[in-house]
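For reference, the structure is listed below as structure tokens.
The values are calculated or read from the model by the stated rules, or taken from the named source; none is laboratory data. The shown structure was predicted, so the numbers you read here are calculated from the model rather than taken from an experiment.
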């Protein structure tokens, strides 16, 4: 009767595989809302010359549009949640203000980062 042979290399390899498979779901949990807002695209927007149509071509439709005192305010928002036990949330908000002719008058950006534990 022969005894089964255990190879330390195989055992170590299996342990590493199981550890990797156990950790993978914890680190790979990512959820996002909205579309990313490329910095290069924002930098290409020019106050006084960029039109609403130009912005639509570059960024697509905004998440919200509001009319205020004859001007239009467009808001784009991208939210990224990463992690599982500890969740990091990054929020990027872009607000564009257009005059009554549809010409860009103001660009406002906000970036926020939050860390939370579950």
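Worth a mention:
- Selection of the stretch 39-69 for residues being modelled with pLDDT under 95 and in a loop (DSSP other than H, G, I, E, B) yields only 69.
- Residues in the stretch 70-86 that are assigned to a loop (DSSP other than H, G, I, E, B) and on the phi < 0 side of the Ramachandran plot: 2 in all.
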